[in-house]
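Novice: Before I ask anything, here is the structure I am working with.
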Amino acid sequence: MRLRLQFYIDYTQPAENLLQKAGITHAGVEYLMRDHYLNGGPGGLERVLNNALGLPRNANEKQRVEALKNFKGRENELRVKIRDARAAEYNRIAMVYPSKRRFLAGWGRRNRRTYEESAFMG
């Protein structure tokens, strides 16, 4: 169990690093971002964040950090934006790859569950 937890922490560390650069220490936001990084990889998190932050698809890390800084003190709003962008990403994947539509309900449940859990991590 400890090995799995350490893998999770190590693998998803780039999500936390991004938040640290922006000065955001909200555990719920970190949880959402780490969870999506774990399941969507670095590219998946980039797409979700770019969407959530209103950035172009090809935005870079510096642009994401600057946009994240605007949410200091408004982390609950950021949680909602991440949840909604994540749902949009799952719908996009299902549209582009019809064979993946069968996963949409499960992805949606996970998105809702992690969002709800993140509410208790202030």
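The values are calculated or read from the model by the stated rules, or taken from the named source; none is laboratory data. This structure is a prediction, so every number in the text was calculated from the model and none was measured. Heads up, the Cβs are rebuilt from the backbone with ideal geometry, glycines too, and the neighbour counts pull from every protein chain shown. Ligands, DNA and RNA are stripped out before the accessible areas are found, and what is left, the full protein with its side chains, is counted by its heavy atoms. Shrake-Rupley method; radii C 1.70, N 1.55, O 1.52, S 1.80 Å.
Novice: Give the carbon-plus-sulfur fraction of the accessible surface of the chain in %, rounded to a whole number; probe 1.4 Å, heavy atoms of protein chains only.
Specialist: On the chain, the fraction of accessible area on carbon and sulfur atoms equals 54 percent.
Novice: Using a cut-off of 26 Å between alpha-carbon atoms, which lysines can reach Lys62, once sequence neighbours fewer than 8 places away in the same chain are excluded?
Specialist: Output for Lys62: Lys21, Lys72, Lys81.
Novice: Given the options Leu49, Val29, Met95, identify the residue whose Cα lies farthest towards the positive end of the charge dipole of the chain (+1 on Cβ of Lys, Arg; -1 on Cβ of Asp, Glu).
Specialist: Farthest towards the positive pole: Met95.
Novice: Could you give the dipole magnitude of the chain about its Cα centre, charging the beta-carbon of Lys and Arg +1 and that of Asp and Glu -1, in debye to the nearest 20?
Specialist: For the chain, the charge dipole is close to 400 debye.
Novice: Here is a follow-up. Short version: ³J(HN,Hα) in whole Hz for each residue of the stretch 48-57, in order, from phi by Karplus 6.51 cos²θ - 1.76 cosθ + 1.60 (θ = phi - 60°), x for Gly and Pro, what are they?
Specialist: 5, 5, 4, 5, 4, 8, x, 9, x, 4
Novice: Whole number in Å², please: accessible area per residue of the chain, 1.4 Å probe, ligands, DNA and RNA not counted.
Specialist: 59
Novice: Another question, if that's okay. Measuring from label point to label point, each 7 Å out along Cα→Cβ, what is the Tyr11 to Asn91 span in nm?
Specialist: Each label point is offset 7 Å from its Cα along the Cβ direction, giving 2.8 nm.
Novice: On to the next question. Net charge within 14 Å of Val80 by Cβ-Cβ distance, Lys/Arg positive one each and Asp/Glu negative one each, not counting Val80 itself?
Specialist: Taking every other residue near Val80 into account, the sum is +2.
Novice: What fraction, in whole percent, of alpha-carbon pairs in the chain exceed 21 Å separation? Don't skip to the end; give the middle numbers.
Specialist: Numbers: 2574 of 7381 pairs.
Of all Cα-Cα distances in the chain, 35 percent exceed 21 Å.
Novice: Determine the calculated [θ] at 222 nm for the chain from helices alone, applying -39500 (n - 2.57) to every DSSP H run no shorter than 4 residues and normalising by the residue count; nearest 500 deg cm²/dmol. Before the final figure, lay out the partial values.
Specialist: Details: 6 runs with 92 residues, N = 122.
That comes out to -25000 deg cm²/dmol.
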